[in-house]
There are 4 protein chains.
Amino acid sequence: MKAADKHSKIIHAATKVFAKKGFFNARISDIAKEAKVADGTIYLYFNNKFDILISVFEEEIGSLVEQVTKSLSVEPDPRKKLEIFATRHLTMMKKNKNLAEVIQIELRQSAKLIKDYRNNKFSEYIDIISTIIKLGQEQHIYRADIKPGIAKRAFFGALDEISRIWSISLETEYSVDDTISQIMTIFLSGMLVTHTE
Amino acid sequence: MKAADKHSKIIHAATKVFAKKGFFNARISDIAKEAKVADGTIYLYFNNKFDILISVFEEEIGSLVEQVTKSLSVEPDPRKKLEIFATRHLTMMKKNKNLAEVIQIELRQSAKLIKDYRNNKFSEYIDIISTIIKLGQEQHIYRADIKPGIAKRAFFGALDEISRIWSISLETEYSVDDTISQIMTIFLSGMLVTHTE
Amino acid sequence: MKAADKHSKIIHAATKVFAKKGFFNARISDIAKEAKVADGTIYLYFNNKFDILISVFEEEIGSLVEQVTKSLSVEPDPRKKLEIFATRHLTMMKKNKNLAEVIQIELRQSAKLIKDYRNNKFSEYIDIISTIIKLGQEQHIYRADIKPGIAKRAFFGALDEISRIWSISLETEYSVDDTISQIMTIFLSGMLVTHTE
Amino acid sequence: MKAADKHSKIIHAATKVFAKKGFFNARISDIAKEAKVADGTIYLYFNNKFDILISVFEEEIGSLVEQVTKSLSVEPDPRKKLEIFATRHLTMMKKNKNLAEVIQIELRQSAKLIKDYRNNKFSEYIDIISTIIKLGQEQHIYRADIKPGIAKRAFFGALDEISRIWSISLETEYSVDDTISQIMTIFLSGMLVTHTE
DNA sequence: TATGAATGAGGTTTCATTCAT
DNA sequence: TATGAATGAAACCTCATTCAT
């Protein structure tokens with residue numbers, strides 16, 4: 001097995017374990033067992049436990065960015081692009097609960113633990129949203145007075161809070177489609193009744 | 001000093017320490033020192049470390065619910081009510097960074113750690129939003145097709161993600177007012193350019 | 001309530017609690033609760049936890065000595081005296097399981113913990129046996145080559161080990177009477193088949 | 001060093017420390033220091049402190065059973081067998097004071113602490129006595145009316161109480177030989193003067 | 001590279017004892 | 001005398017990390 005393979009095997013194992021137990025409750029030996037390597041082997045690929053967490057983000061979110069970017073590239077309409085982002089995000093979070101939990105919980109932990117960890121990949125991911133909004137503004141589809149820097153957080157926050165509930169409660173009140181539909185309505189048209197007739 | 005006072009003194013100390021270090025990195029002795037009591041004294045008021053965390057939520061969010069409810073009671077307009085909620089929430093999070101961090105980080109931790117902790121007070125808090133939306137729907141101000149159960153999460157998630165950034169980054173790109181204005185525009189009118197003229 | 005009463009109330013409570021939980025697992029607050037006094041009150045009557053244990057011995061065994069001595073005083077026959085001692089001891093241990101356990105377990109603990117605790121009352125109790133033996137030797141009923149100092153321990157040890165089993169196992173294979181009969185046979189006549197005919 | 005060696009090294013260290021301080025006063029770090037391993041190492045071999053105590057019994061008494069059984073195997077006479085048992089027991093207790101104390105004190109503690117610990121090895125040890133008695137009864141050497149189940153406890157209790165005194169008092173009033181002689185006289189022939197002439 | 005036994009620092013919790021009331 | 005809230009020392013146990021093989 002190549003080094004890169006083992007590295008990624010550990011990353012995946014760690015994602016699973018962090019998701020299940022949380023960063024602090026996860027033991028290195030749990031990750032080692034999940035990855036089927038010896039405890040000591042982990043330290044040949046990572047500096048310490050925290051380094052694993054950071055790597056999990058970088059790799060998992062990195063691949064998320066890749067997938068989403070690819071999906072978006074074939075769609076020119078900024079409205080549709082936003083919907084695609086939401087769909088891909090929620091679908092992924094529903095499918096990959098491990099990743100979902102790691103993002104929801106550990107993202108916050110880690111942001112706190114090391115101020116100098118810039119969440120590069122994560123920023124990149126969020127910035128996909130603002131890029132879409134800017135594009136829409138250039139095309140006069142999105143209101144010019146919307147600040148992409150705030151809107152991207154509002155949009156991501158909305159999606160994240162919804163998928164958070166999916167993670168902790170077994171029942172899923174609303175389907176992905178229902179949710180997308182609601183989110184798009186709210187973010188595109190707002191909640192007010194429109195009296196345009 | 002009365003028992004109730006000491007209880008609340010420990011709660012406030014714990015909020016501070018949890019915010020600064022996170023639940024897992026916080027030591028009981030940190031909380032004790034902050035509260036100016038002996039380590040053992042804490043166990044006269046709480047069963048264990050986790051019980052402190054739960055209590056912090058219940059009490060801090062409980063008082064948040066109280067304040068917000070009071071503010072809302074004097075305003076009949078559902079549009080304004082939503083704005084008041086956003087304003088009070090963001091203002092509080094900006095002012096009380098400890099509480100903000102505890103909500104953002106530990107809320108997620110605890111939800112994960114004990115599935116049977118129903119986050120009663122927190123649910124109550126979030127439900128203020130859905131109650132406002134329902135009221136607005138009855139008055140035909142908010143669209144009937146908006147599902148309050150989803151919208152409340154979207155709205156809270158948006159606010160929470162924004163205040164999360166405030167907590168971790170020292171620079172404050174946007175003021176509370178700016179942010180409120182953006183959030184209200186998005187949630188009430190949406191991001192699309194309206195061609196009603 | 002007089003001081004002496006409270007003192008003895010605590011002693012009895014302690015005997016109960018020590019028997020149930022053992023000295024180390026017993027908490028002062030357990031004893032206080034059992035005695036229906038405040039924790040601090042105990043320290044008005046005893047110097048520390050260990051002092052309570054010593055006092056329990058002195059008092060409980062003291063009263064045992066008194067009772068046994070009284071029973072023995074009316075019986076002149078050394079053979080019967082020994083039987084009375086065995087009967088009283090086993091009956092008491094069976095009736096007062098608390099005392100039994102305290103003797104069996106804590107006697108050994110305490111003897112170890114403080115070398116300078118001479119178990120005065122306990123020695124006095126054991127010496128009742130050697131006194132009986134000496135009396136019997138004077139009357140040429142007991143063999144002159146029996147050393148009372150060893151025989152007293154053998155006799156007490158035999159009784160104690162038997163009552164120990166009673167304490168830990170719920171089933172009581174043998175009755176007190178059966179046991180006495182066996183013990184007296186062994187100690188008086190030995191286990192060998194006698195070919196005197 | 002092999003794992004088995006380290007296991008046994010810890011057992012011996014624990015026996016020593018428990019004997020010296022008693023189970024409750026013994027600290028894990030005491031045992032670790034005595035065994036010249038790190039505190040944590042102990043938990044690679046034992047589940048918890050109590051598990052160490054149980055293991056000490058099983059191992060130490062197990063080897064006692066082995067030795068005694070071996071000594072007995074070459075002696076056919078039930079009278080001599082009993083004497084051999086007493087001699088080996090008392091000799092061992094005098095030589096290995098640590099083991100003696102652990103048996104005397106902790107045997108009682110542990111029997112109390114966990115009702116479901118059956119003291120397997122210890123029962124096996126005691127049952128050596130009843131087996132000898134039964135053998136003697138078959139050969140019409142020991143009285144048929146002696147109940148081996150009671151007699152075994154009486155015999156063991158007698159030996160144990162005597163060795164208990166050896167442990168706690170430095171002076172040794174009686175030698176092993178003296179004691180054996182007394183014990184055998186009592187248990188075989190009883191204390192009564194025999195008028196067979 | 002890989003292993004996994006060993007390390008030892010560190011934290012939660014308990015509880016005997018004190019002391020202000 | 002009596003109380004019981006407060007104290008704070010102490011110990012079991014965990015687990016990230018190391019290192020000899």
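At what distance in nm do the modelled label points of A:Ser175 and D:His140 sit from each other, each positioned 7 Å from its Cα along Cα→Cβ?
The answer from the label model is 9.5 nm.
Using a 1.4 angstrom probe on the protein heavy atoms only, could you order A:Lys147, D:Lys81 from most to least accessible area?
Values: A:Lys147 70, D:Lys81 30 Å².
The ranking, largest first, comes out as A:Lys147, D:Lys81.
Given the protein chains as shown and a 1.4 Å probe, how many square angstrom of C:Val74 are accessible, to the nearest 10?
Near enough 120 Å² of accessible area.
Put +1 on the Cβ of each Lys and Arg and -1 on the Cβ of each Asp and Glu in the protein assembly as shown; which of C:Thr15, D:Phe57, B:Thr179 then has its Cα farthest toward the positive end of the dipole?
Working it through, the farthest residue towards the positive pole turns out to be B:Thr179.
What are the principal axis extents of the Cα atoms in the protein assembly as shown, in Å, biggest first?
Here the spans come out as 138, 73, 38 Å, largest first.
Explain nothing, just compute: Karplus ³J(HN,Hα) = 6.51 cos²θ - 1.76 cosθ + 1.60, θ = phi - 60°, for every residue of the stretch D:142-153 in order, whole Hz, x for Gly and Pro.
Whole-Hz 3J(HN,Hα) from phi for the stretch D:142-153: 9, 3, 5, 7, 7, 8, x, x, 8, 4, 4, 6.
Tell me, what is the per residue accessible area of the protein assembly as shown in Å², probe radius 1.4 Å?
Details: 35310 Å² over 788 residues.
It amounts to 45 Å² per residue over the protein assembly as shown.
Taking a label point 7 Å out from Cα toward Cβ, give me the nm distances from C:Glu124 to the same spot in the other copies, shortest first, one decimal.
4.5, 6.5, 8.7
From the phi angles alone, apply the Karplus equation (6.51, -1.76, 1.60; θ = phi - 60°) to the stretch D:56-69 and give each ³J(HN,Hα) in whole Hz, x where the residue is Gly or Pro.
Running phi through 6.51 cos²θ - 1.76 cosθ + 1.60 with θ = phi - 60° gives 4, 4, 3, 6, 5, 5, x, 6, 5, 4, 4, 4, 5, 4 Hz.
In chain C, carbon and sulfur make up what percent of the accessible area (probe 1.4 Å)? Spell out each step's value before the answer.
Working: 4530 of 8840 Å².
Carbon and sulfur: 51 percent of the exposed surface of chain C.
Tell me the accessible surface of C:Asp39 in square angstrom (1.4 angstrom probe, heavy atoms of protein chains only), to the nearest ten.
80 Å²
Computed over the Cα atoms, what is the radius of gyration of the stretch C:56-189 divided by 2.2 N^0.38 Å, N being its residue count? Could you put the intermediate results ahead of the total?
Values: Rg = 14.7 Å, N = 134, 2.2 N^0.38 = 14.1 Å.
For the stretch C:56-189, the normalised Cα radius of gyration is 1.04.
To the nearest whole number, what is the average tally of beta carbon atoms from other chains within 10 Å of the beta carbons of peptide C:138-148? Provide the component values of the computation, followed by the final result.
Values: counts 0, 1, 2, 3, 4, 8, 1, 5, 7, 8, 1.
Per-residue shielding by partner chains comes out at 4.
In terms of solvent-accessible area of protein heavy atoms at a 1.4 angstrom probe, what is the ranking of B:His89, B:His12, highest value first?
If we order B:His89, B:His12 from most to least accessible, we get B:His12, B:His89.
Please state the charge dipole magnitude for the stretch A:57-189, taken about the Cα centre, from unit charges on C-beta atoms (+1 on K and R, -1 on D and E), reported in debye and rounded to the nearest 20. Numbers along the way, then the final one.
Numbers: 19 positive and 20 negative charges, 66 e Å.
The calculated dipole for the stretch A:57-189 is roughly 320 debye.
Output ³J(HN,Hα) for the stretch A:120-132: one whole-Hz value per residue in order, computed from phi by the Karplus curve 6.51 cos²θ - 1.76 cosθ + 1.60 with θ = phi - 60°, and x for Gly and Pro.
Going residue by residue, I get 3, 5, 5, 4, 4, 5, 4, 5, 4, 5, 5, 5, 4 Hz, with x marking Gly and Pro.
Starting from a label point 7 Å past Cα on the Cβ side, list the distances from D:Asn47 to the same position in the other copies, nm, shortest first.
Relative to the other copies, D:Asn47 has label-point distances of 2.4, 4.1, 4.1 nm.
Can you pick out the pairs among B:Lys121/B:Lys152; C:Lys80/C:Lys152; B:Lys21/B:Lys97; D:Lys33/D:Lys95 whose Cα atoms lie more than 18 Å from each other? Spell out each step's value before the answer.
Details: B:Lys121/B:Lys152 15 Å; C:Lys80/C:Lys152 16 Å; B:Lys21/B:Lys97 13 Å; D:Lys33/D:Lys95 23 Å.
As for pairs spanning more than 18 Å Cα to Cα, those are D:Lys33/D:Lys95.
If the label for D:Val193 sits 7 angstrom from Cα along the Cα-to-Cβ line, what are its distances to the same label in every other copy, in nm to one decimal, shortest first?
Shortest to longest, the spacings are 2.9, 12.0, 13.0 nm.
Mind checking which chain B residue has its Cβ closest to the axis relating B to C, and how many whole Å off it is?
B:Gly40, 4
How many square angstrom of accessible surface are buried between A and B, both sides summed, with a 1.4 Å probe and rounding to 100?
For A against B, buried area totals roughly 5300 Å².
Determine which aspartates and glutamates satisfy two conditions relative to D:Lys20: a Cα distance under 17 Å, and not lying fewer than 8 residues away in the same chain.
C:Glu106, C:Asp116, D:Asp30, D:Glu34, D:Glu60, D:Glu101, D:Glu106
The values are calculated or read from the model by the stated rules, or taken from the named source; none is laboratory data. Just so we're clear, the structure is a prediction, and the values are computed from it rather than from any experiment. Because the Cβ atoms are built from the backbone with ideal geometry, glycine has one as well, and the counts that use them run over all protein chains shown. Heavy atoms of the whole protein, side chains included, go into the accessibility calculation; ligands, DNA and RNA do not. Shrake-Rupley method; radii C 1.70, N 1.55, O 1.52, S 1.80 Å.
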